[in-house]
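The values are calculated or read from the model by the stated rules, or taken from the named source; none is laboratory data. Note that the structure is predicted; figures quoted are calculated from it, not measured. Here Cβ is always computed from backbone atoms with ideal geometry, including for glycine, and neighbour counts include all displayed protein chains. Ligands, DNA and RNA are excluded from the accessible area calculation, which covers all protein heavy atoms including side chains. Shrake-Rupley method; radii C 1.70, N 1.55, O 1.52, S 1.80 Å.
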Amino acid sequence: MSLSTWLNRANAVVSFFSSVFFTVLFVVAATGPALLFASAPPQVSVAMAKASVRLGRLGYYYDRTQPQTELATIHFDLDADLSPLFNWNTKQLFVQLVAEYSTESYTTNQVTIWDDIIASKEDSVIKLKKKKGEYALSDISNKIGGLQANLSLQWDIMPHVGMLIHDKSAPHQITLPKIDGKKK
Ligand SMILES: *[C@@H]1O[C@H](CO)[C@@H](O)[C@H](O)[C@H]1NC(C)=O
C-alpha cells in the first residue's frame, strides 16, 4: 500500500469518526431542550415571609462616602421541585430568587435576593422557610420602601452540550413595607 493510499484511508476514517462525534453532540444538544419541553414544568411556590426596610449604606461598613440608601431585607418561603429540569443533557442549574419592580426612571429592575447552584437531581427539591435573603434590595433612587415587586424563581440550565436555557416561575406579587419610623 502506497503512502498516499494509506493517507486517504486514514483521512476517511478520521472524517467518519468526526461526523459520528458531531452527530452525537448534535443529538444530545437537540434532545435536551426537547425533553424539557415534553416534561411537566417544575412546581414552584414563592412567598414573602416578612420584610423590613432600613437606612444604610452599600459597600464596606466603614465606607462613609456612599450615600445613605433604603435597604430592604426580605425573608422568604420557597418550595420548589426542579427535578423535571434534569435530563441526560443537564449538567447543573443556576437558580436565583429575583425581585422585579418598576420605578419612574427605569421600567425594569431586577435584583437577586438569593441564589444557588444545583448540581444533581438528588438536590433539586428546595424547601426553605423564613430564609433571609443573602442580598439586600436597594434602588438607584435610594428609595425602596412601599414599592410593589414581583418575586419569582429563575433558573439557567447549564447543559453538557448546547446552549444555556433560561426560564422562571410565575410571579408572586409583594409590597415592601415603608421604612421603619424616626431617624431620617
Ligand atoms: C407583576 O407581574 C404581573 C403579572 O405578570 C404584572 O401585571 C405586574 O405589572 C408585575 N408587577 C410589577 C411591580 O412588576
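Can you tell me which residue in region 53-97 is most open to solvent (accessible area, probe 1.4 Å), limited to those that are within 17 Å of the chain's Cα centre (by Cα) and small (Gly, Ala, Ser)?
Going through the qualifying residues, I end up with 83.
Output the number of the condition that residue 155 fails; it satisfies all remaining conditions of (1) within 15 Å of the ligand (Cβ to nearest atom); (2) not in a loop (DSSP other than H, G, I, E, B).
Unmet for residue 155, out of (1) within 15 Å of the ligand (Cβ to nearest atom); (2) not in a loop (DSSP other than H, G, I, E, B): (1).
Name every residue in region 173-184 that is open to solvent by less than 60 Å² (accessible area, probe 1.4 Å) and assigned to a strand (DSSP E or B), in order of residue number.
Passing the criteria: only 174.
Which numbered condition in (1) touching a Pro at 6+ places or on another chain (Cβ under 6 Å); (2) modelled with pLDDT of 90 or more; (3) not acidic (Asp, Glu) is the only one that residue 93 fails?
Every listed condition holds for residue 93 apart from (1).
When the residues of region 123-150 are filtered to those that are within 27 Å of residue 87 (Cβ to Cβ) and outside any loop (DSSP other than H, G, I, E, B), which remaining residue is farthest from the ligand (Cβ to nearest atom)?
It comes out as 123.
What are the pairs with Cβ atoms under 9 angstrom where one residue, in region 98-110, is closer than 20 Å to residue 44 by Cα and the other, located anywhere, is acidic (Asp, Glu) and near the ligand (Cβ under 9 Å from one of its atoms)? Sequence gap at least six, or different chains.
Note: pairs meeting the criteria are 110/100.
For every residue, the table says whether it meets (1) in contact with a Phe, Trp or Tyr (Cβ under 6 Å, 6 or more places away or on another chain); (2) open to solvent by less than 40 Å² (accessible area, probe 1.4 Å).
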position	(1), (2)
99	no, yes
105	no, no
109	yes, yes
115	no, no
138	no, yes
159	no, yes
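Could you list, in sequence order, the residues of region 162-176 that are more than 15 Å from the ligand (Cβ to nearest atom) and at pLDDT 90 or above?
Hits for region 162-176 are 164, 165, 166.
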